[in-house]
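Undergrad: Before we start, here is the structure in question, set down as structure tokens.
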Amino acid sequence: MTKLIVLIVIILGVVAIAQLVRMYELSSKLRNRREEDIPNRDNRLNAILLLVFMFAFFASVIYLFSEYGFSGRGEAASVHGKATDWLLDLNLWIITAVFFLTNTLLFGFAFKYVRKPGVKAYWFPHDNRLELVWTVVPAVVLAIIIILGLKSWNEQTDHASKEAIRVELFSKQFDWTVRMAGDDNTLGFFDYKLTNDNNPLALLTTKTIQDAIDSMENSSTGIHALELKLNDPKLIFAPEDHALMVKDLGAKERIVRMLYQLKARHNSALDARAMDDIVFNASDTLYLCKDQQYEFNFRSKDVIHSAYFPHFRVQMNTVPGQTTRFKFTPSVTTMEMRDKMSNPKFNYVLMCNKICGSSHYKMKLMVVVLDKPAYKKWYASVSKFDPKAADQCKTFRNIYPVGKPKAAADLTATATPADSAIVTK
């Protein structure tokens, strides 16, 4: 009933407006005035209203700047983030200046040059100087912005120093897996052909190559099982099902041949690169150290994701079949940022900034930045696997089952009180 009443009101409103327009047309005819003839009073009123709108428009923009800040980004929590914010602020200052200039000219000219009786409009078809100004000036400004942006981007995506900690972020629908380099600070190699349930990161070692071969040949859906089904005279398949099985068998045979070639070429001395890597599950927390440079390597298992650390000013696409890279140095601990923001529940976060599927909203990972004493204590706990512990992290050499760092409580021994409070929560 309510919808019907609303519909009737809308229809009656449209009819009323149409009648008012019709009455205006009739009154114009009675005054012997053409529809295109606009009275000077209406022209002056519109010019004044445009000027009032301009001032109201500017006042609303200034109010929003004062109420929510010039950019609304908050303080950057990384070293390069401060430089990035400076560049973003430069862009915003330029945009703001152009915004006020162009709108002042637009509404100011509409007010100043309102139609006046007896005054003929000046015909102004072309001016080479003006054309030069509004072509060269934007080109120079854009060139400066692009050059500064490329310089900043190259610095942030270049190879990190030897002292930087290497971390890999592996994305898939719909979570993140963190792999941190161990004591050698070198991430182990990987190969997509080694991906299976026991090795979701496809890490490359002598054992994982053999496991992949065994899985491809001897599993319930492997080559031998498919051959038995296809050669069993008691089993009859529909032509389309038979064709699919033959196609699947051919694909797996090609992969197995490549795996045997990989095994023949593999140097077992490289296994050590992966054996001390520390892997964190999707439900874990990523711990970082203040004033320590990190090199993040990004991979994707399925679709394009985007690793986004908003407070560190980091965003990088994770692309299937390609490794992307970014480096940054955290400069503010979690507890320091909580104090700055007066928010005891604040936490840094890693999010996916690409709409990657139906559960995209779940793709988050909490990030905690510790000072150096607290971080060293935390790293000492996770780098030594304890099979008696529960469910948080693991080294690759003990990848099954998953284990937990022996003690969140033990991290408080040498940490500051602030960072100890974060770790133990």
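Undergrad: So for region 64-76 (the condition being exposed (fewer than 11 other Cβ atoms within 10 Å of the Cβ) and either more than 31 Å from the chain's Cα centre (by Cα) or outside any helix (DSSP H, G or I) (or both)), does at least one residue qualify?
TA: There is at least one residue in region 64-76 that is exposed (fewer than 11 other Cβ atoms within 10 Å of the Cβ) and either more than 31 Å from the chain's Cα centre (by Cα) or outside any helix (DSSP H, G or I) (or both).
Undergrad: If you don't mind, there's one more thing I want to ask. Go through (1) under 20 Å from Ser78 (Cα atoms); (2) in a strand (DSSP E or B); (3) of a type in the set (Val, Ile, Thr) and name the single condition Val279 misses.
TA: Status for Val279: all satisfied but (1).
Undergrad: When you check Arg115 against the structure, is it out of contact with any strand residue (DSSP E or B) (no Cβ under 6 Å at 6 or more places or on another chain), open to solvent by 100 Å² or more (accessible area, probe 1.4 Å) and over 30 Å from Val52 (Cα atoms), yes or no?
TA: The answer is no for Arg115.
Undergrad: Follow-up question, since we're still on this one. With respect to Val140, is the statement that it is assigned to a loop (DSSP other than H, G, I, E, B), outside the structural domain of Lys376 (by TED's automatic domain parsing), aliphatic (A, V, I, L, M) and over 21 Å from the mean Cα position of the chain (by Cα) true?
TA: It is false that Val140 is assigned to a loop (DSSP other than H, G, I, E, B), outside the structural domain of Lys376 (by TED's automatic domain parsing), aliphatic (A, V, I, L, M) and over 21 Å from the mean Cα position of the chain (by Cα).
Undergrad: Between Tyr287, Tyr192, which is of a type in the set (Phe, Trp, Tyr) and loosely packed, with under 12 Cβ neighbours inside 10 Å? Talk me through it step by step, then tell me what you get.
TA: Values: Tyr287 fails: loosely packed, with under 12 Cβ neighbours inside 10 Å.
Selected residue: Tyr192, the only one of Tyr287, Tyr192 that is of a type in the set (Phe, Trp, Tyr) and loosely packed, with under 12 Cβ neighbours inside 10 Å.
Undergrad: Then there's this: Determine if region 152-170 includes at least one residue that is among the small types (Gly, Ala, Ser) and open to solvent by 30 Å² or more (accessible area, probe 1.4 Å).
TA: Yes, that holds for at least one residue.
Undergrad: Another question about this same structure. Are there any pairs with C-beta distances below 8 angstrom linking a residue in region 158-169 that is within 13 Å of Asn185 (Cβ to Cβ) and small (Gly, Ala, Ser) to a residue that is open to solvent by 10 Å² or more (accessible area, probe 1.4 Å) and not in a strand (DSSP E or B), with the two at least 6 apart or on different chains, and if so which?
TA: Qualifying pairs under 8 Å: Ala160/Gln293; Ser161/Gln293; Ala164/Gln292; Ala164/Gln293.
Undergrad: For Thr84, are the conditions met, namely being of a type in the set (S, T, N, Q), loosely packed, with under 13 Cβ neighbours inside 10 Å and not assigned by TED's automatic domain parsing to the domain that holds Arg325?
TA: no
Undergrad: If you check Lys263 against the conditions, is it closer than 19 Å to Asp191 by Cβ, touching a residue at least 60 places away in the same chain (Cβ under 8 Å), open to solvent by 50 Å² or more (accessible area, probe 1.4 Å) and not aliphatic (A, V, I, L, M)? Before you say what the answer is, go through the steps one by one.
TA: Numbers: closer than 19 Å to Asp191 by Cβ: yes; touching a residue at least 60 places away in the same chain (Cβ under 8 Å): no; open to solvent by 50 Å² or more (accessible area, probe 1.4 Å): yes; not aliphatic (A, V, I, L, M): yes.
When the stated conditions are applied, Lys263 does not pass them.
The values are calculated or read from the model by the stated rules, or taken from the named source; none is laboratory data. Please read all numbers here as calculations on a predicted model, not as lab measurements. Positions of Cβ are backbone-derived with ideal geometry, glycine not excepted, and every protein chain shown enters the neighbour counts. Surface areas here come from the heavy atoms of the whole protein model, side chains and all, with no ligands, DNA or RNA. Shrake-Rupley method; radii C 1.70, N 1.55, O 1.52, S 1.80 Å.
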